[in-house]
Every structure is written in C-alpha cells, then in structure tokens.
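Here's the structure, in structure tokens; my notes come after.
The values are calculated or read from the model by the stated rules, or taken from the named source; none is laboratory data. If you're wondering where the values come from, they're calculated on a predicted model, not measured in any experiment. Cβ coordinates were reconstructed from backbone atoms using ideal geometry, including for glycine residues, and neighbour counts include every protein chain displayed.
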Amino acid sequence: MDRVIPKPTAKRLNIYAREVQMMIDQGQQKISSTDLGNRVGVKSNQVRKDLAYLERDELAGDHGRAGIGYDCERLLSGIEKLVGAQKRWSLALVGVGNIGRALLSYASFDEEGYPIAAVFDTNEKMVGKRIGRWEVQPIAQLSRTVKSRRIPIGILAVPREAAQGLADQLCAVGVVGLLNFAPMQLTVPPHVVVTNIDLTITLKQLSMDIAARSGNGRSGHRRRRERS
C-alpha cells in the first residue's frame, strides 16, 4: 500500500530535489543533511526525517550514513521517484492575459516535466493567434481537446467570474488537478486537487510577517533600554 506523504513534507522534498540538482550541475557529488538544510533553510533533523521516507521505501539505499553523507545522484533519483517527478504531466492553460503569457514564457515547465499541451482563451481577438509555439484555441474546443489528449492538469488564469464554469468543464473531461490563479475558492469533485495561488493574499501575508518581525525588533530594543 502506498504511504501518504504529508503535504509539507512533499513540498520540502521538491525543494530538496531542486537544490540537489543545482549541486549536481555544479559538480558536487556528496551532501550532508546539515549542508542541505542550511541551503534551503530547514533544520538538519527535519531533513533527515523527510528523507526517511526514501529509506523506508528503499529508494535511498545505504547512503546518508553518518560521516558519509548522501550521494547527490542517488538522492535526486530517490526523491523524484517518491514524489512522482519522473512522470510527465501535461497542462492545459486557460487564459492568456498577463499571468497566462508569463506562464507560457516559463521554460522550466518543460524542463521539469510539465509541458503545456494546449492553450485556450475566451477573447475572440486572441483566438487563432500564436504565442510562442502555441496557437490559442477557443473555449468551445476546450472539452474536446483536453479529453482527446488526456490532459490531467488545468491552469486557470482567468477572471473570477469565469473560473468556476471553466473548472467544471475541465473536471468533466478528466482533469484531476487545477492550478487556480482566480481569487476565489473553487467547488470541485472530491477526486480533483486544487492549488490556489492568490498573489494579493500572498503579498498581504508577507507584509504582515514583515510588520510582525519589525514590531518584535522594536519592542526588544525598548526592553533592553529599560533594563539598562
């Protein structure tokens, strides 16, 4: 039976994989949990706990022993097998506004195994135009194209009012994952996974974190002056 990996762990494993790939590209062969943790801002004991998923699944072999460290090539291979990164997941992009165009220009999608297979837009002025290697298709062709090409993941880079209806269309033809840039919560079938990316909320959270840290710093200075 496959073991469910907690989402925070899966996220860190993907970060580890990206960092280890960079080290391999630079010619590094070994890495310790301490060094890997320092590079990504994670404590070494958390790194070892996360990588224990590989060891229990016999994906890490006997590397990672104290004083020896992890073999970078084997570590990367083990993580990719565990998180399914070796499988290619084709994408359907819906919406070629500013966000959609930025996504189309992101070359790493292909490099990481997430090729954009089809592009759609509701704007008739955009339909039929080519953006890079993609021709923008009308929404009327969305269901047929996604179903015939068996595209498993949809990206919604559309206005709020259009998102739910398009999500319904994608789910109805077999999409099992949605990356949603619309500022709303989607209602989807239980088997469909949704990741919401709300840039405004993310920036607000960042500003709150900055304000909280700055406030703690100022109060700390006041306490030190009062004690002196």
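The table for this structure:
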quantity	calculated
Flag if ARG74 is closer than 14 Å to LYS30 by Cβ, part of a helix (DSSP H, G or I) and either assigned by TED's automatic domain parsing to the domain that holds ALA17 or at pLDDT 65 or above (or both)	yes
Residue list for the stretch 1-54, filter: aliphatic (A, V, I, L, M), closer than 13 Å to GLU73 by Cα, surrounded by 13 or more Cβ atoms within 10 Å (Cβ to Cβ) and out of contact with any strand residue (DSSP E or B) (no Cβ under 9 Å at 6 or more places or on another chain)	ALA17, ILE24
Count - residues of the stretch 69-98 that are out of contact with any Gly (no Cβ under 8 Å at 6 or more places or on another chain), surrounded by 18 or more Cβ atoms within 10 Å (Cβ to Cβ) and under 17 Å from VAL158 (Cα atoms)	2
Selection count where residues are over 22 Å from the mean Cα position of the chain (by Cα) and among the aromatic types (Phe, Trp, Tyr), scope the stretch 111-140	1
One residue from VAL40, VAL83, VAL4, VAL96 being farther than 30 Å from MET126 by Cα, hydrophobic (A, V, I, L, M, F, W, C) and modelled with pLDDT of 90 or more	VAL40
Options LYS129, LYS147: the member that is of a type in the set (Lys, Arg), assigned by TED's automatic domain parsing to the domain that holds GLY97 and either in contact with a strand residue (DSSP E or B) (Cβ under 8 Å, 6 or more places away or on another chain) or within 20 Å of ALA102 (Cα to Cα) (or both)	LYS129
Some residue of the stretch 199-207 being buried (at least 16 other Cβ atoms within 10 Å of the Cβ) and closer than 23 Å to GLY95 by Cβ	no
Of the criteria (1) modelled with pLDDT of 85 or more; (2) out of contact with any helix residue (DSSP H, G or I) (no Cβ under 8 Å at 6 or more places or on another chain), which one GLN46 fails	(2)
